[in-house]
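Following this message is one structure expressed as structure tokens.
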Amino acid sequence: MKKEKLIEKILDLKRKRKAIILAHNYQPPEIQDIADLRGDSLELSLKASKTDAEVIVFCGVIFMAETAKIVSPEKKVLLPVKGVPCDMADMIKIEDVLALKEKYPDAPVVTYVNSYAEIKAVSDICCTSANSVKVVGTLKEKRVIMIPDMNLARYTQRFYPDKEIIYFEGFCPFHHLLTPEEVIKCKQEHPEAIFIAHPECRPDVIDLAEYAASTSGMLKLAKKLPNKEFIIGTEVGLLYPLSKENPDKKFYHPAPEKMLCKSMKKISLVDVVRALENLEYEVVLEEEIIKKAYNAVKRMLEIV
Ligand code: 13P
Ligand code: SF4
């Protein structure tokens, strides 16, 4: 079926199903273009908690669709391709969290939303890359546990020299792969460009950045700053909305082949049509897990 026909079908089915389509900033261009809201993890969680749609079609990975279910348990949340994993979320198991809690019983557990529902359920509060600094700042405890991303934890630590952030050694393989050498080379090739890094990057890469920001934070900076050239240190899919929203600016990537998350490219327009037609694949979580995980997500959303 032609692209135009697929889009027509999606619009029609969306009305019929009273559905809303949410897409992460890394999704393929054609998915971003049909979404009702495209955003970073924080914006998408907020939208999922506020919409009055009956069905949420989530174009992203499973932990994102799970978060939508946690904040809107009465709604049907669909992931158009079954169980799209996240390599970082896969790194941590519930036993790892329980072991950290046992070792540091007084330290609250701050969990990056890039984790599965059962991990959120044993956490005190969630955070995203857009608000980790704010979230940790609300905690009175001097010692804090951050999971599962060690790079986000080390980035957040920079803002709190008086706190001790204990972290689990997980990481996003795509962000973690970016090296200072690649950034320096790209800076040499584009001397006018400023470098914005995602907090999931290694500390020695963030040291080279003029700014560190979530994906939507990068979009806001690109729009707001007077600069005309940017080097972008995040998954390569972000170049699409950056270029679309700023046709007069130039965006460079230091390692486009390495920083491509395959999970984020799995969903096609055909999958979205099928999801709306057959109401698949529904995110199903145990009630108890939803209740516990909701406390941690809600605490974050109250701070934003
Ligand atoms: P944000 O869009 O919240 O910055 O998250 C980045 C990411 O890696 C999502 O998988
Ligand atoms: Fe997970 Fe990294 Fe892919 Fe985001 S980019 S979904 S953190 S593996």
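Given just the C-alpha atoms of segment 12-151, how large is their convex hull per residue in cubic angstrom?
Residue-normalised Cα hull volume stands at 115 Å³.
In whole Å, what three semi-axes, largest first, describe the equivalent ellipsoid of segment 199-304 built from its Cα gyration tensor (square root of 5 times each eigenvalue)?
Three semi-axes, in Å: 32, 21, 14.
While we're on this one: Compute the Rg to Rh ratio over segment 252-296 from the alpha carbon atoms, using the Kirkwood formula for Rh, and round to two decimal places.
Reported Rg/Rh (Cα atoms, Kirkwood Rh): 1.20.
Would you please calculate the Kirkwood hydrodynamic radius of segment 31-75 over all C-alpha pairs and express it in Å, rounded to one decimal?
Working: mean 1/r = 0.0944 Å⁻¹.
Kirkwood radius, segment 31-75: 10.6 Å.
Assuming 0.36 nm per residue, please report the length gained on full extension of the stretch Lys244 to Leu46 beyond their Cα-Cα distance.
Length difference between fully extended and current span is 68.9 nm.
What is the extension gain from Lys93 to Glu282, computed as 0.36 nm multiplied by their sequence separation minus the C-alpha to C-alpha distance, in nm to one decimal?
65.7 nm
Using the heavy atoms of the protein chains and a 1.4 angstrom probe, tell me the accessible area per residue for the chain in square angstrom.
I get 44 Å² per residue for this part.
Normalise the Debye intensity by I(0) for segment 86-238, one equal point scatterer per Cα, no solvent, then take log10 at q = 0.20, 0.21 Å⁻¹ and round to two decimals.
-1.21, -1.29
Then there is this: Cross-link candidates for Lys16: which lysines have Cα within less than 19 Å, leaving aside residues fewer than 8 places away along the same chain?
Lys5, Lys75, Lys76
Near Lys223, which lysines are there with a Cα under 27 Å away, not counting those fewer than 8 places off in the same chain?
Lys47, Lys50, Lys134, Lys185, Lys187, Lys244, Lys249, Lys250, Lys258, Lys265
When the accessible area of the chain is computed with all protein chains present and a 1.4 Å probe, what percentage of it is carbon and sulfur? Before the final figure, lay out each step's value.
Numbers: 7040 of 13440 Å².
Carbon and sulfur together cover 52 percent of it.
Quick check: convex hull over the Cα atoms of segment 108-194, volume per residue in Å³, rounded to an integer?
Each residue corresponds to 113 Å³ of Cα convex hull volume.
Using 0.36 nm per residue, how much length does the chain from Lys265 to Ile166 gain when fully extended, once their Cα-Cα distance is taken away?
32.4 nm
Something else: Just want to confirm a number: the relative contact order over segment 162-271, from Cα pairs under 8 angstrom separated by 6+ residues, in percent.
It comes to 28 percent, rounded to a whole number.
Quick one: the Cα spread of segment 83-130 along its three principal axes, in angstroms, biggest first?
So the three principal-axis extents are 34, 25, 14 Å.
Can you tell me the relative contact order of the chain? Whole percent, Cα pairs under 8 Å, sequence separation 6 or more. Intermediate values should be presented prior to the final figure.
Details: 603 pairs, mean separation 71.0, N = 304.
So the answer I get is 23 percent.
What is the Rg over Rh value, at two decimals, for segment 189-253, using alpha-carbon atoms and the Kirkwood definition of Rh?
Here the Rg-to-Rh quotient is 0.92.
Follow-up question, since we're still on this one. Rounded if a/c is under 1.5, else prolate if a/b beats b/c, else oblate: with a ≥ b ≥ c from the C-alpha gyration tensor eigenvalues square-rooted, which is the chain?
Taking the square roots of the gyration eigenvalues as a ≥ b ≥ c, the chain is oblate.
The values are calculated or read from the model by the stated rules, or taken from the named source; none is laboratory data. Quantities reported herein were computed from a predicted structural model and do not represent experimental measurements. Areas reflect the complete protein model, heavy atoms only, side chains present, ligands, DNA and RNA absent. Shrake-Rupley method; radii C 1.70, N 1.55, O 1.52, S 1.80 Å.
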